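Colleague: Dropping the structure in here first, questions after.
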Amino acid sequence: MFNHTTVLLQETVDGLNIRPDGVYVDCTLGGAGHSEYLVKQLSDEGHLYCFDQDATAIAHAQVKLKDYLHRITFIHSNFKFIKEQLEMHGIEKVDGILYDLGVSSPQLDTPERGFSYHNDAPLDMRMDQSAELTAYHVVNEWSFEDLVRIFYRYGEEKFSKQIARKIEAARETSPIETTGQLVELIKDGIPAFARRKGGHPAKRIFQAIRIAVNDELGAAETSLQDALDLLAVGGRVSVITFHSLEDRLCKTLFKEASSMPELPPNLPMIPAGMEPKFKLITRKPILPSEEELEQNNRSRSAKLRIVEKIKE
Ligand SMILES: C[S@@+](CC[C@H](N)C(=O)[O-])C[C@H]1O[C@@H](n2cnc3c(N)ncnc32)[C@H](O)[C@@H]1O
């Protein structure tokens, strides 16, 4: 079973102002919820390119979207290669691109994939199962300093050093093989008074390792930059993020793209050609409604930002 409840469905897709004959890209196909809603609005002149680095997501979507396959091209690739991949299909400009960043529920809920701190499973956490770097490699082979860096930076974990020290000591005896062993070491590294606050004690460290294993921030930054270039005038990008690091990245990029360059003071008017190429459609991020929050707990940290290209 491949069960993923789509977050901010209408807000994300309707925010792209779909034209039936337009060319669109879903960079994060997953359970194909956004893709299904989008492709149904296209005519046979329109087209949807769907990316996912997880082969199981593509295989599932080929069945779920079987009635629309003539309007869809599936691309099994990391979305950081969006430009090269679309070029290979003869596409240089598109009318809309969407991202629903992070992991899907099937990835989280399949214990063997090692994303979850609720199950005991091998340390894996790869979204792309053919990638070389796994959580096992990070936990057992990365230096103390590198672990501390990712725990602080990607997990915003206050006890990063203490936890990295526990990991370093444990792996001197024998390798850390499973998510269960890692959870115990994390708990040992956090003082008892702090362990009961802020959700599951392993949440932040698991997030940090997952971001590192999949180079999530690097891929998102490269891809979003290219997405802005790929837009035709009037085209839009919608991005759903699930944690503050991703949201900051998206907010900063969209703000830079839609801001005026620094001009000398007292200029009577903005010189032609210097106006920004993009306009923010969402000054503040769109959040899930009360109703969505009640139905889908996993939507609670979602934030949607949209930007539009207004000139070349
Ligand atoms: C949150 S799910 C998307 C759910 C989907 N929007 C839906 O409605 O069912 C994110 C998906 O994006 C994929 N993904 C995440 N980062 C990726 C990347 N850098 N390149 C390609 N796919 C990625 C994951 O494998 C996962 O299947």
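The values are calculated or read from the model by the stated rules, or taken from the named source; none is laboratory data. Not measured: the values here are computed from a predicted model. Cβ: placed from backbone, ideal geometry, glycine included. Neighbour counts: every protein chain shown. Protein only, heavy atoms only, side chains kept; ligands, DNA and RNA dropped before computing areas. Shrake-Rupley method; radii C 1.70, N 1.55, O 1.52, S 1.80 Å.
Colleague: If I take every Cα pair under 8 Å that is 6 or more residues apart in the chain, average their sequence separation and divide by the length, what percent do I get for the relative contact order?
Modeller: On the way: 528 pairs, mean separation 57.7, N = 312.
For the chain, the relative contact order is 18 percent.
Colleague: For the range 184-312, which whole-number percentage of the solvent-accessible area (1.4 Å probe, protein heavy atoms only) is attributable to carbon and sulfur atoms? Numbers along the way, then the final one.
Modeller: Working: 3610 of 6890 Å².
Looking at the range 184-312 in its full context, I get 52 percent from C and S.
Colleague: Please give the solvent-accessible surface of M269 in Å², to the nearest 10, using a probe radius of 1.4 Å with every protein chain present.
Modeller: Approximately 140 Å² for this residue.
Colleague: Taking the Cα centre of the chain as the origin and placing charges on Cβ (Lys, Arg +1; Asp, Glu -1), which of A212, S289, H4 is farthest toward the positive end of the dipole?
Modeller: The residue sitting most towards the positive pole is S289.
Colleague: Here is a further query. Any chance you could run the full-extension gain for K40 through R149? It's 0.36 nm times the residue separation minus the Cα-Cα distance, nm to one decimal. Please report the intermediate quantities before stating the final value.
Modeller: Values: separation 109, 0.36 × 109 = 39.24 nm, distance 4.44 nm.
Gain on stretching K40 to R149: 34.8 nm.
Colleague: Sequence-distant or interchain residues sharing an amide H contact under 5 Å with M125, placed H: which?
Modeller: G114, F115, A135
Colleague: If you average 1/r over every pair of different alpha-carbon atoms in the range 73-148 and take one over that average, what Kirkwood value in Å do you get?
Modeller: Details: mean 1/r = 0.0659 Å⁻¹.
Hydrodynamic radius (Kirkwood, Cα pairs) of the range 73-148 is 15.2 Å.
Colleague: Could I ask something else about it? Would you list I190, I270 from the most to the least accessible area, probe 1.4 Å?
Modeller: If we order I190, I270 from most to least accessible, we get I270, I190.
Colleague: I would also like to ask the following. Which of the trypsin sites (Lys or Arg not before Pro) across the range 186-287 are loop residues per DSSP, with 14 or fewer other Cβ within 10 Å? Show your work: numbers first, answer last.
Modeller: Numbers: sites: K187, R195, R196, K197, K203, R204, R210, R236, R248, K251, K255, K277, K279, R283; in loops: R196, K197, K277, R283.
Taking the range 186-287 and a limit of 14 other Cβ atoms within 10 Å, the loop trypsin sites (Lys or Arg not before Pro) found are R196, K197, R283.
Colleague: Which number comes out as Rg/Rh for the chain once both Rg and the Kirkwood Rh are worked out on C-alpha atoms? Intermediate values should be presented prior to the final figure.
Modeller: On the way: Rg = 21.1 Å, Rh = 20.9 Å.
That ratio equals 1.01.
Colleague: Here's a follow-up. Once phi is turned into ³J(HN,Hα) by the Karplus curve 6.51 cos²θ - 1.76 cosθ + 1.60 with θ = phi - 60°, what whole-Hz value does each residue of the range 54-63 show in order, with x for glycine and proline?
Modeller: Computed from phi, the couplings for the range 54-63 are 9, 4, 5, 5, 5, 4, 5, 5, 4, 7 Hz.
Colleague: Quick check for you: with a 1.4 Å probe and neighbouring chains kept, what is the accessible area per residue of the chain, in Å²? Could the numbers behind the result be given before it?
Modeller: On the way: 15320 Å² over 312 residues.
Heavy-atom SASA per residue in the chain reads 49 Å².
Colleague: Counting other Cβ atoms within 10 Å, which GluC sites (Glu not before Pro) in the range 205-290 have at most 11 and lie in a DSSP loop?
Modeller: Values: sites: E216, E221, E246, E256, E262, E290; in loops: E262.
Those satisfying the criteria are E262.
Colleague: Mind checking the dipole of the chain: about its Cα centre, +1 per Lys or Arg Cβ, -1 per Asp or Glu Cβ, Debye to the nearest 20? Before the final figure, lay out the partial values.
Modeller: Numbers: 38 positive and 47 negative charges, 228 e Å.
It comes to approximately 1100 debye.
Colleague: Here's a follow-up. In whole Hz, with x marking every Gly and Pro, tabulate ³J(HN,Hα) for the range 146-157 from phi via Karplus 6.51 cos²θ - 1.76 cosθ + 1.60, θ = phi - 60°.
Modeller: 5, 5, 4, 4, 6, 5, 5, 6, 9, x, 6, 8
Colleague: Starting from the Kirkwood radius over alpha-carbon pairs of the range 182-312, derive D by Stokes-Einstein at 4 °C in a medium of 1.567 mPa s and give it in µm² s⁻¹. Don't skip to the answer; put the middle values down first.
Modeller: Working: Rh = 17.8 Å.
Stokes-Einstein gives a translational diffusion coefficient of 73 µm²/s.
Colleague: Okay, next question. Suppose each label sits 7 Å from its Cα in the direction of the beta carbon; what would the E294-I310 distance come out to in nanometres?
Modeller: With each label point 7 Å from Cα toward Cβ, the separation is 3.9 nm.
Colleague: I need the semi-axes of the equivalent ellipsoid of the range 10-143: take the C-alpha gyration tensor, multiply each eigenvalue by 5, square-root it, list largest first in whole angstrom. All intermediate terms of the calculation are to be shown ahead of the outcome.
Modeller: Numbers: eigenvalues 190, 51, 30 Å².
Semi-axis lengths for the range 10-143 are 31, 16, 12 Å.
Colleague: Same structure again: Excluding D21 itself, what net charge comes from residues whose Cβ is under 10 Å from its Cβ, given Lys and Arg +1 and Asp and Glu -1? Before the final figure, lay out each step's value.
Modeller: Details: positive: R19; negative: D44, E45, D95.
Computed value for this residue: -2.
Colleague: With bins 10 Å wide starting at 0, give me the P(r) of the range 136-228 over every alpha carbon pair, in whole percents.
Modeller: With 10 Å bins starting at 0, P(r) equals 16, 49, 24, 9, 2.
Colleague: Now for a different question. For K93, list the lysines whose Cα falls under 16 Å from its own Cα; do not include residues on the same chain fewer than 8 positions away.
Modeller: K83, K277, K309, K311
Colleague: Turning to a different aspect of this structure: Do any trypsin sites (Lys or Arg not before Pro) in the range 1-80 lie in a DSSP loop with no more than 16 other beta carbon atoms within 10 Å, and if so, which? Let's see the in-between values first.
Modeller: On the way: sites: K40, K64, K66, R71, K80; in loops: K40.
Counting only loop positions with at most 16 other Cβ atoms within 10 Å, the trypsin sites (Lys or Arg not before Pro) in the range 1-80 are K40.
Colleague: Need the full-extension length gain, S174 to L133, defined as separation in residues times 0.36 nm minus the C-alpha distance. One decimal, nm. Write down the numbers at each step before the final one.
Modeller: Numbers: separation 41, 0.36 × 41 = 14.76 nm, distance 1.98 nm.
Full extension from S174 to L133 adds 12.8 nm.
Colleague: Is the shape of the range 235-304 best called rounded, prolate or oblate, per the rule: a/c under 1.5 gives rounded, else a/b larger than b/c gives prolate, else oblate, with a ≥ b ≥ c the square roots of the Cα gyration tensor eigenvalues?
Modeller: Working: a/c = 3.59, a/b = 3.03, b/c = 1.18.
Here the range 235-304 falls in the prolate category.
Colleague: Let me ask something additional. Between V94 and residues 5 or more places away or on another chain, which pairs have amide H atoms under 5 Å apart, with H built 1.01 Å from N, and which residues are they?
Modeller: Residues meeting the criterion, in which the H sits 1.01 Å from N, are L231, A232.
Colleague: Just the number, please: carbon plus sulfur as a percent of the accessible area of the range 143-183, 1.4 Å probe, no ligands or DNA/RNA counted.
Modeller: On the way: 1020 of 2160 Å².
In the range 143-183, the share of accessible area belonging to carbon and sulfur is 47 percent.
Colleague: Can you put S244, S258, S238 in order of accessible area, largest first, using a 1.4 Å probe? Numbers along the way, then the final one.
Modeller: Values: S244 55, S258 30, S238 0 Å².
Result of the area sort, largest leading: S244, S258, S238.
Colleague: Still on this structure: Could you pull out every residue, at least 5 positions away or on a different chain, whose amide H is within less than 5 Å of the one on T282? Hs are placed 1.01 Å off N in the peptide plane, and Pro or chain starts have none.
Modeller: I306
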